[in-house]
Every structure is written in structure tokens, then in C-alpha cells.
Amino acid sequence: MSSRHRSFANFHDTGWRTGVFRALLIAVLAASAVAAPAAILRGLTPWRMGYLLPLAFLAALIGVFDTVRLGRPDWRDRRGLLFRLGEVVLMLMLAQIVIWFAATGLPSTVEVGVWLRHPGTFLTGQSVATGLLVLGAWGLAVQASRDFLDLAIQPDEVAARSSHAWGDTRSQWRVFRPLGRDEIVGRFAQRWVWGGVVLVIMAALSGLSVTQDVAGILRFSFSQLRMLPDVVVGLLCYFLAGLLLLSDARLAVLRGQWYNEDVEIAPGVMRHWHMTSFLMMLAVAGVALLLPLGSTRGLGQALEWVIALSMRIAMILLFLLSLLISLLLYPLRFLLQPGGSESIGALSRPTFDLPTQTEAANRLPDWLGGVVLWGMVLLVGGYLLVVYLRTHGRLHGFGDSWLFRLHLWWRGRRSRFEQTARQQVAALRARRGRSRRDGVPPAIRLGRLGERLPREQVRRLYLEAVRRAGERGLQRPPHRTPLEFGEDLDANWPDAEPDVQVLTRAFMDARYTARDIAPVEAQRAQSAWQRLVEALRRPGGHNTVHRS
Amino acid sequence: MSELPIILLLLLVVALLARMDLIFYVVYVLAGTYALSRWWAGRGAARLRVHRRFTDHLFAGESTDVEIEIVNASWWPVPWLRYEEAPPSVLIAGSALRQVISLRPKASAHLSYRLVGQHRGYYQVGPGLLSTGDVFGFAESGGTLVEQRLLIVYPRVIPLAYVELSSHSPLGTIKSPQRIFPDPTRVVGVRDYRSGDPIRAIDWKSTARVGSLQVKRLESAVSLTAVIFVNLDAAAYSRHLRVAASEWAIVVAASLANYLVGQRQAVGLVSNGLDRLTAARCWSIPPRPGREHLMKLLELLARVQLTETTALADWLPIAAAGLPWGTTVIAVTPSGDETACTALHRLRRAGLNPVLVIVEPHGQFGVIEERGRRLGVQAYLVADESDLKHWQAGRLAPVA
């Protein structure tokens, strides 16, 4: 039976995960979700936001493709908060650049000066709103992509199916999944439907405009009775893309069920599925065009009457309730009486503290705080962006080598600083008469090590050795296993090969086995560690520096 | 998605309040898709026709393809249709049929799986389980193909060239070494008249030609009308050999029936086993000749099962009560204990010709042989196929 199914290379459902049609649908769904809020913002503000839908689509597309790529097994080590934060920084940067080019124009030097002095002025209402909407679309796309990745055939399901081990039940191979496929689809459908309700209400409110009369009172009114074209398109795209995705999710549920139950699937089922759902939707949409629409029916008026009557009844009930509460609280009215007017006057009187001449002379320039803040923002944002781009492999070549040199320079400065600091501390301690055991480097003290459990001792020794090797120019990338890193160490310091092997084996036992680690093993690892550290100190190593 | 109708109602209220055509349109599309999906799934399942075709009688070792035709009688396509059928596990050649297909309007699909008659028996093929639904997950409907057809796998029949069975019935078609049953229609020659020969035995034409009295030499022939008694009382079998020995008893009975029908003899079948079709115990089929009758016997032997039932000694006299004089009673039984031999002896005294065939290996078969000899019952030990071959070759000499 298994031969009748498509093979799952490397136990992964690659065909399902990399579908372009689904990615586009998710991006359309996520981008169209911002159409109605954008229309409301346009009604309430004078902002030009024609760029928002394409920008949201781009952000959603990036979110989808990054999520799909992070789902690949070879990207396992790149999944993390830093990558996602870098993605957010990229979105916000894109949003701000698009606002400058499409709406407000490039900032003048005067504006830049103001931003330096007052960083808060950089964040305009339009940039905040755009950023939030773009991030919302991106988040929606990421969430939907994750749902659809979870709907794919999982590696443990492939393993359970392909296992022919005697006596093995499938449950032995299956990993417990917190959510079944049905529940994932239910969650997605619920989000889509309730999101649709909110969007419809927002679309209904998109004609709302706010004006201020001469007395300064805000006036709300419907400036237009018809919806804007982009809201119409957004709303339609949202529901149609959602329906198509729902159909796709249904296929995923059935597909998983059929796969796990060894059901043979005729090729026509998969081939015609999307076409059937699309044609069905097209037929329904065509028929719906022929049905009478709301503005022609009297049912709306009747409903308004019913709602108005209900509101009046509710108001009367509320009035009676408040009257009752007032009557009940009337005997306690002395508790609510305000204090004397003098104290209020005293509190509200403004006070002015004039700076002295010395204070005025020593005051820092007003742009300094802004520059520091901007510097920090640039550093953090730049770092996150570099992480994101490096993860995508976009910084290979000149940029990558430059960054690598910068990284080495920084590491050299840091290690030199740490070495100096250690020497200073050691000298201070020697002066104080503290004795240290011979041959033991200052980074790890045996007294502290001795207090630890043998397992913890071994782990600490290994990590310390890794750190030392890093200081000597041989970093351990996250994807290198201890054995692989051990080979790197052997290649760079061949004379330390036996010690590297002893320490690596001891670390793997301590880290990955459940058995008890004897104190003798910890002592053996410590001896190996000491010899290894001595070898690392000797020149001639780091012939090959591994760059991740 | 159970809350979808409520949400649609909510959207309708919003649409009525906002009086915006687009919201009405969205509500129509969602509600239409929902309603159409539910209607489609229900209608699709109701308009499916399923037919199953296969050869319903198999000899041991033969195979048949069970072909299932699923017809979509409606004008709507069926996006997915899951059909599964669990055939008898002892007959299935591969894995059970579980398949998902899609059907165009007015189209049909053919599924098939193979059954191999590996084990005699009486099997139900079906039911088939159908399930279908829409493409959005709003509705799913299923059905059962209630039609269950029977498949009979006949027991293994070992062809026998010759079996040493004696008979007391004269005027038959089987040549007999016993001179007491001369057949006047079978003249094999003439000889000189001897004193005492009946006058009507004289061949007058030969007498005239030779010039001395010549008497016709007649061949002895018997009619071997037989009834095979298959003892399927579970208590009579050894616990560890129960299944294998009872199956072998059925194979022996089927082979003997086939042999006797091949010899143009009338054969009957009596058993105290359980007929799975009628749930009857202790049933009998009167002796008849012919191939058609043989198929009937084999069909019953395919259906019969070992069960806790009446012991052979109690049931044999009752079952043999109506048999004509001289009928050979072949009792196929696991052991020849004293009670069984006594019951067979009574049949002999009633004019029948009892034969005891033991189908379980017996360490002290000599005791049974001796007991049978004293009681006038032929006893054979046919515990396996090699014993059956020896019986054919006449090396299993009965003791009568």
C-alpha cells in the first residue's frame, strides 16, 4: 500500500509544505483583513493610505514564506525569537520607507534634527497605524501558515506507517500531538469567521467621518453611503480566500486521516479538489448576484424598529435601576461630600522651579538623549536585521566577510579585556593571600566544581572548553554536534586529540544518557579538560576557523 | 463550524442595519456555500449505487476477484468517496480494501480485491462502508452497502483411485470379490456344467455349439450405497488436535464422497456438526447419486463446524434408523472407543455394513482393530494424507 502513496523524502511532507497556491491564498487573506480598518482610518484622518494593501500583502507573503522555510528540518536551528524580531524590524522599516515615498515625502533635515532632539516625534500616528496594520497582516499570515504546516503529514506519522518492526504498535512511533487536525481546522475556521464578522462591522463603519464644529464638539457622520472599492475587494477577497483555505484545510484533515489508516487515494481526488471547491464557490457567488440585496428590503426597517424598541426598554430599565441605587445611597450622602475649596486651590496652584545658574551651565545638550536613544535603536534594530538577513543567507560575499572581520575584532577586544580583568582580579586575590591550586585556570574554580554534581561538573567543564576554544578562534556553531565539534578541535589542536575525545564522550554521557555519572568520571574529565586548556594556550592552533 | 449558522445570522443583522449590498452579498455567498455543501453531501450519498460481483463458490486453492462498481447516479460530482470493505481475513490475498475516489456526474468507478480459497468455509462478503462529504467540511454523510453475499469455499478433495470398501447390497455396479452377489446381466464366460448348478444358469447356445452342457459364468457386483457419518463432536477430539483433526475429517469425508460419486454410487452425508447457515446440529442428507448431489454434499461440508453436540454413540443409531439394508455406513471419527464400536456393531446386526475411519493419530490402533474385528466392524486409521494413499493401495487391510 505504501508504494501507492507519494513518497515522503526525509520523512517530511515537502510537497504539501511548499505549495505556492496556499501561500498566496494566506497572503491574500491576511492582506485583505486590513482593508476595512484602513478605510476607517482614512475616514477619520486625512492620511493617504493607498500603499497599505500592497504593503500588507508583501508583509504577509514574507511571513508565509519565512514560516514555511523555518518549518524545514535544515532550518531547525534558526527558529528563534531573534529571527522573528528581525523580521518585525524589516517590516517596520519597509512600512516607514513606503510611507515616506508614497504619502508624506522624504524627511527634511529640519525634521531629522527635530527627531534627534525629540525622538518621540518620529512616531507619527500614520506610521504607528501603518506599522500595526502591517504587523497584524504579517502575524495573521504567520499564524495561518503555522496552522497549515501543522496540518501536513508529520515525520512521526511517516515513521509509524513505514515501520514494519515486529510487534511495534503505531502508537509507539507516534508523538503526542496537543491538537488534532480537526481541532486545528476548527481553530482556523473560528478565527476566520469571527475575524470576518469584525471586518464586516468595520466595513460598515468605514463610511464614518469625524468633524469638529465651531464649538469644538466632535461630530460623527456617514460621509459616504457606498463602500470604497478597496474595502469591497478586501472583504470579498477575505471571505473567498478563507473559503478556499477552509477547503484546503479540509483536504489536509482527510488526507492525514487516510494516510494514517492506509487508505489508498485515487490521484483524481487530489487533482480535482481545489477546482471543485473553486467552481462551487463560483456558482454560489453567481447565484448570489441574482438575489435581492439589503437596500431593497423592508426587513431592515423592521429590524431597526425592533432594535430601537429594545434599546428604549433597556434604557428605561437602566434608569429605574439607577434611581433605585440613588434612593438606597441617599442616607449615605455625607460620605460623598467634597472637602473645603481651599485645599483644592492649594493643590491646583502651579509652582515654577527656576534652575540656578550652575544647573543651567552644567545642563547636557538637549540633543544628546535623542542621539543616545537613536543609537540604541539603530544598534538593536541593525543587529536584528543582520540576524534576519544572515539567516536567509543574504549577507554572503563582501558584507558577510566585513561583518565577520568586525565580529573577530570585537571578540579579540572582548577576550583581551576579559584576560586583563582576570589578571587584575587574580593579582588582587594573590595580594589578599588567597591561594589557588596549581594549573587550574581562573575561569572555573575547583571549590565550586567540587560542590556540583558529577554530571553538572562534566557539563560545565565541556562548556568552558568550548568557550576557551571560541576565544582561540574556533567557535562552535549551533548546528555542530559535540562529535563534529570534537573533530574540529582535533583538526586544529592534533596533540590534544585524546583529551578532546575523553571530554567529548564524558559530556555526551552527562548530557544525553540517563545513567548516573560517577565522581571518578568527572575527575577524569577534569584532568582531560586541564590538559586540553593547556593545549589551547599553546600557539599553532586554529588553522581552520569554522564560520557558521 | 457548528456556530456558522449563528454567525451568519449575526452578519445578516449587521447587513440589515448597515443596508450595505456587499454585506448582503457576503452573507448570501457564505450561507449559500454552507447550504449547498450540506445538500450536496446528503444527496451525493443517497444517489450512489454500489454493486458487487464475484464467483461465490470456490474450490480450495482457487481465487476470485471481487469487483465493486460504484455508480454516481446524480448530476453532481462526488468530490471524495471513501469505500472500505473488510473481507474474510483468511481469504484475503493482500490488504483490506480501503480506497478514496472521486466521481464525475453519472460516472462509475470500479474497485476490486482478490480472495483466495485458502480455507474451506462459509463466508460473508461485505458489508461495504461508504462515506462522503463536501469539500469545506460543513457536512459528511455515510452509508453502508447492506448487501452481503455468501462465499463458499469447498473443502479440499483428494482424488482417490480406489478405496477398499465392502458392501452387502446386491445388484450394483461395483465388481465384488464376494461370489454371493452374482449379477445375471454381467456374463463373463461359460464353464462346464457341474452338479448342483441351477437350470436357468445353463447357456443353451454355447451348449449347442460345444455339445455339452455349459453354464454361464456371472460376475459378482454389489451396490455400494454409502452414508458418510462425520463425527464433529468437539468432546471426541483431543484438545491439542481438535482443529486440525476435525478439518482432516472433513477432507476425508469429502474425498470419500467424491470417490463414491465417481463410482456412480449413491452417497449420503450425516453429521452432528453445526451448520453455520441453518444453525442446525445433527443433520443428514439422504443418499443420492450424481455430481449435482456431490456439490450439495461439499457445500454442507464447507459450512459445517466443530461443536459441542451429541456423542457419536448416542446419535448414530438414530441417524441410521431409516437406511436401507446393506448400506455401507462410513463413520469418520477421531477415535474408535468401545461405545462407538458397540454402536457400529448394532448397525451391523441391523443389516448395515459399518466401516470405522479413525482420523486422529492413535498410538494403540491395534486395540481398536481387534475390537472392530470381534464386533464385525472394518476399522481404518487414516490420520493423514499418507495413510489415505496407503488405503488406496490396499495396504491398510481392514480387520472384519
- For segment B:287-400, please list each of the helices (runs of 4 or more DSSP H) lying entirely inside it that holds at least 2 residues being more than 30 Å from B:Gln118 (Cα to Cα). B:312-319, B:338-349, B:365-375
- If you go through B:Thr33, B:Thr55, the only one that is more than 7 Å from every other protein chain (Cβ to nearest Cβ), among the polar types (S, T, N, Q) and either within 28 Å of A:Arg271 (Cβ to Cβ) or open to solvent by 30 Å² or more (accessible area, probe 1.4 Å) (or both) is B:Thr55
- Query: If only one of B:Ile174, B:Ile202 is open to solvent by less than 70 Å² (accessible area, probe 1.4 Å), more than 30 Å from B:Pro5 (Cα to Cα) and modelled with pLDDT of 85 or more, which one is it?
  - Reply: B:Ile202
- Message: Among (1) more than 11 Å from chain A (Cβ to nearest Cβ); (2) surrounded by fewer than 20 Cβ atoms within 10 Å (Cβ to Cβ), there is one condition B:Arg104 misses while meeting the rest; what is its number?
- Response: (1)
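For (1) modelled with pLDDT under 90; (2) out of contact with any Pro (no Cβ under 7 Å at 6 or more places or on another chain); (3) of a type in the set (A, V, I, L, M, F, W, C), each residue gets a yes or a no:
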residue	(1), (2), (3)
A:Arg468	yes, yes, no
A:Leu474	yes, yes, yes
A:His479	yes, yes, no
A:Glu487	yes, yes, no
A:Asn492	yes, yes, no
A:Glu497	yes, yes, no
A:Val500	no, yes, yes
A:Leu503	no, yes, yes
A:Ala506	no, yes, yes
- Message: Please go through segment B:328-343 and give me each residue that is among the β-branched types (Val, Ile, Thr) and out of contact with any Pro (no Cβ under 7 Å at 6 or more places or on another chain), ordered by number.
- Response: B:Thr328, B:Ile330, B:Val332, B:Thr333, B:Thr339, B:Thr342
- Message: Considering only segment B:109-129, I want to know if a residue exists there that is among the hydroxyl-bearing types (Ser, Thr, Tyr), open to solvent by 60 Å² or more (accessible area, probe 1.4 Å) and within 13 Å of chain A (Cβ to nearest Cβ).
- Response: yes
- Item | Qualifying strands (runs of 3 or more DSSP E) (wholly inside segment B:63-159; at least 2 residues being farther than 28 Å from B:Thr33 by Cβ) | B:63-72, B:78-85, B:97-103, B:108-116, B:121-125, B:140-145, B:149-153
- State whether one or more residues within segment B:43-60 are of a type in the set (S, T, N, Q), outside any loop (DSSP other than H, G, I, E, B) and over 28 Å from B:Pro105 (Cα atoms). no
- Does at least one position in segment B:314-331 carry a residue that is under 29 Å from B:Tyr123 (Cα atoms) and surrounded by fewer than 19 Cβ atoms within 10 Å (Cβ to Cβ)? no
- Query: Across segment A:457-506, which residue is nearest to A:Arg76 (Cα to Cα) among those that are in contact with a Phe, Trp or Tyr (Cβ under 9 Å, 6 or more places away or on another chain) and part of a loop (DSSP other than H, G, I, E, B)?
  - Reply: A:Pro477
- Item | Filter pass, B:Ser63 being surrounded by 15 or more Cβ atoms within 10 Å (Cβ to Cβ), more than 14 Å from chain A (Cβ to nearest Cβ) and of a type in the set (Ser, Thr, Tyr) | no
- Query: Given (1) touching a helix residue (DSSP H, G or I) at 6+ places or on another chain (Cβ under 8 Å); (2) farther than 19 Å from B:Ala226 by Cβ; (3) at pLDDT below 90, where does B:Pro334 come up short, assuming only one miss?
  - Reply: (3)
- Query: Being over 39 Å from the mean Cα position of the chain (by Cα), more than 27 Å from A:Asp230 (Cβ to Cβ), crowded, with 19+ Cβ neighbours inside 10 Å and more than 7 Å from chain A (Cβ to nearest Cβ), is that true of even one residue in segment B:69-82?
  - Reply: yes
- Task: Being modelled with pLDDT of 85 or more and not aliphatic (A, V, I, L, M) is the filter; apply it to segment A:514-523 and report the residue that is least open to solvent (accessible area, probe 1.4 Å).
- Result: A:Glu521
- Message: Any residue at all in segment A:236-244 that's surrounded by fewer than 18 Cβ atoms within 10 Å (Cβ to Cβ) and either touching a helix residue (DSSP H, G or I) at 6+ places or on another chain (Cβ under 9 Å) or more than 9 Å from chain B (Cβ to nearest Cβ) (or both)?
- Response: yes
- Item | Residue tally, condition at the interface with chain A (Cβ under 7 Å from one of its Cβ atoms), modelled with pLDDT under 85, closer than 27 Å to B:Trp76 by Cβ and open to solvent by 40 Å² or more (accessible area, probe 1.4 Å), over segment B:1-30 | 1
- In segment B:214-242, what residues are buried (at least 17 other Cβ atoms within 10 Å of the Cβ) and part of a loop (DSSP other than H, G, I, E, B)? B:Leu224, B:Thr225, B:Asn231, B:Leu232, B:Tyr237
- Item | Members of segment A:225-235 that are at the interface with chain B (Cβ under 10 Å from one of its Cβ atoms) and small (Gly, Ala, Ser) | none
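Table: residues versus (1) without any contact (Cβ under 8 Å) to a residue 60 or more places away in the chain; (2) touching a Cys at 6+ places or on another chain (Cβ under 9 Å); (3) open to solvent by 50 Å² or more (accessible area, probe 1.4 Å).
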site: A:Leu61; (1), (2), (3): no, no, no
site: A:Pro73; (1), (2), (3): no, no, no
site: A:Arg79; (1), (2), (3): yes, no, yes
site: A:Glu87; (1), (2), (3): no, no, no
site: A:Gln96; (1), (2), (3): yes, no, no
site: A:Gly105; (1), (2), (3): yes, no, no
site: A:Val112; (1), (2), (3): yes, no, yes
site: A:Arg117; (1), (2), (3): no, no, yes
- Scan segment B:277-286 and give yes if some residue there is more than 21 Å from B:Glu385 (Cβ to Cβ), in a helix (DSSP H, G or I) and free of Cβ contacts under 8 Å to residues at least 24 places away in the same chain, otherwise no. no
- Could you look through segment A:127-155, keep only residues that are touching a Lys or Arg at 6+ places or on another chain (Cβ under 9 Å) and of a type in the set (Val, Ile, Thr), and pick out the one that is modelled with the lowest pLDDT? A:Ile153
- When every residue in segment A:254-278 that is hydrophobic (A, V, I, L, M, F, W, C) and more than 7 Å from chain B (Cβ to nearest Cβ) is compared, the one surrounded by the fewest Cβ atoms within 10 Å (Cβ to Cβ) is A:Met275
- Item | B:Ser89 open to solvent by 20 Å² or more (accessible area, probe 1.4 Å) and either within 11 Å of chain A (Cβ to nearest Cβ) or of a type in the set (Ser, Thr, Tyr) (or both) | yes
- Task: Being outside any loop (DSSP other than H, G, I, E, B) and either touching a Leu at 6+ places or on another chain (Cβ under 6 Å) or open to solvent by 40 Å² or more (accessible area, probe 1.4 Å) (or both) is the filter; apply it to segment A:156-181 and report the residue that is modelled with the highest pLDDT.
- Result: A:Arg181
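The values are calculated or read from the model by the stated rules, or taken from the named source; none is laboratory data. Keep in mind the model is a prediction, meaning the values are calculated, not measured. Here the Cβ is made from the backbone with ideal geometry for all residues, glycine too, and neighbour counts use every protein chain on show. The accessibility values were calculated without ligands, DNA or RNA, using every heavy atom of the protein model including side chains. Shrake-Rupley method; radii C 1.70, N 1.55, O 1.52, S 1.80 Å.
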